[in-house]
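Read-outs throughout are calculated quantities, based only on the coordinates presented, and are distinct from any laboratory measurement. Predicted model, so just to flag it, every value in this text is computed and none were measured. Every residue, glycine as well, gets a Cβ built from its backbone with ideal geometry; the counts of neighbours run over all protein chains shown.
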Amino acid sequence: GAVVSQHPSRVICKSGTSVKIECRSLDFQATTMFWYRQFPKQSLMLMATSNEGSKATYEQGVEKDKFLINHASLTLSTLTVTSAHPEDSSFYICSARSTGAETQYFGPGTRLLVL
Amino acid sequence: GESVGLHLPTLSVQEGDNSIINCAYSNSASDYFIWYKQESGKGPQFIIDIRSNMDKRQGQRVTVLLNKTVKHLSLQIAATQPGDSAVYFCAENAVNTGNQFYFGTGTSLTVIP
C-alpha cells in the first residue's frame, strides 16, 4: 500500500517552454501533497505544500508564478514549471499524505533537464 | 524553510558490520521523525519512524534512537549489507511548522563487500 507515482520520470525540454509533472497517490486519498526539489548530492528542499481544493502554500524563496501547483483531486497534484530555464534543471519529487496520517510517502521523482 | 542543502557527508562500512548514521535536528518542537533511504535516481523510501515520547524504536535490522535533550537522532543498521548502500535522510515534523517535514543533510552510506 501507500504507492505514489510520478509522470514523467524524465523530461528534457528547451529553455522557455513549460513542463508539467504529475503526482498521483495510487491506493489512498491524499489530502496533502508536497513538492520537493533536490540538486545532486544535496538534501530535499521543500518547495510547496498542496492541499486538495485550495491554493498551495509556498516556501520562502519559491516563486509561485514560476512553479504552478494544482491539487485538483484527492489523488492528483501537478507541478508546472513555467518558462523553464537551465537553472531549473533538477530532480523534482512529490510526496503524499492521507487524511489524519503523519507519514509521507514519496514518488520516484522526475528528472528535469532544461537545455 | 528549515531544510538545509549541504553536500552530503559519507560513511563507509564493511559488509556485516553495524552502521550508525547520525542526524541533528533544529526544531525543539518537532515531535515526529522519520528516517528515509534514497537510492540513486529514486525517491526516498520510508524506513522507520519515532515519536518524541519515545527514545528508541526497533525495526527489522534497524534501530532509531532519539535524544531530545540535544536534538539528536541516530539510525543503527545491524549486519550492513551491500543493498543498504544509499543516502539516508532524517526528517522532522512539528505542528508549529504546519506539520510539514523538513529534511536533514543526509548521509551517503557505502557498504564495502
One computes Rg over Rh for the protein assembly as shown from alpha-carbon atoms, with the Kirkwood Rh, and obtains 0.97
By the Cα gyration tensor axes a ≥ b ≥ c (a/c under 1.5 gives rounded; else a/b larger than b/c gives prolate, otherwise oblate), the shape of chain B is prolate
What does the charge dipole of chain B about its Cα centre add up to, to the nearest 20 debye, if the Cβ of each Lys and Arg holds +1 and the Cβ of each Asp and Glu holds -1?
180
How large is ³J(HN,Hα), in whole Hz, for each residue of segment B:15-29 in order, when computed from phi with the Karplus curve 6.51 cos²θ - 1.76 cosθ + 1.60 and θ = phi - 60°, using x for Gly and Pro?
3, x, 6, 8, 10, 10, 10, 10, 8, 9, 10, 10, 9, 5, 8
Between B:SER52 and B:THR10, how many nm apart are label points set 7 Å from Cα along the C-beta direction?
3.6
Can you compute the modelled spin-label distance between A:ASP65 and A:ALA101, with each label point 7 Å from Cα toward Cβ, in nm?
3.7
Which order results if A:ARG97, B:ARG61 are arranged by neighbouring Cβ count within 10 Å, fewest first?
B:ARG61, A:ARG97
Order by neighbour count: B:GLU15, B:GLU92, A:GLU52, fewest other Cβ atoms within 10 Å first, most last.
B:GLU15, A:GLU52, B:GLU92
Computed FRET value (nearest 0.05) for A:PHE39 with B:ASN99, which takes r as the C-beta separation and R₀ as 22 Å
0.30
Please provide three numbers in whole Å: the alpha-carbon extents of segment A:14-115 along the principal axes, with the largest listed first.
40, 28, 26
What does the charge add up to near B:ILE34, with Lys and Arg as +1, Asp and Glu as -1, over the other residues with Cβ less than 14 Å from its Cβ?
0
Using the structure shown, select from A:LYS64/B:LYS71; A:LYS55/B:LYS71; A:LYS14/A:LYS55; A:LYS14/A:LYS66; A:LYS55/B:LYS42 the pairs with a Cα to Cα distance greater than 23 angstrom.
A:LYS64/B:LYS71; A:LYS55/B:LYS71; A:LYS14/A:LYS55; A:LYS55/B:LYS42
For segment B:40-73 and segment A:26-78, what is the centre-to-centre distance using only Cα atoms, to the nearest Å?
24
Within 10 Å of each Cβ in A:29-42, how many Cβ atoms from other chains are there, averaged over the peptide?
3
Under 4.7 Å Cβ to Cβ, no partner at all: give me those cysteines from chain A, in residue order.
A:CYS13
Modelled label-to-label distance, A:LEU113 and A:THR80, 7 Å Cα→beta-carbon offset: nm?
2.6
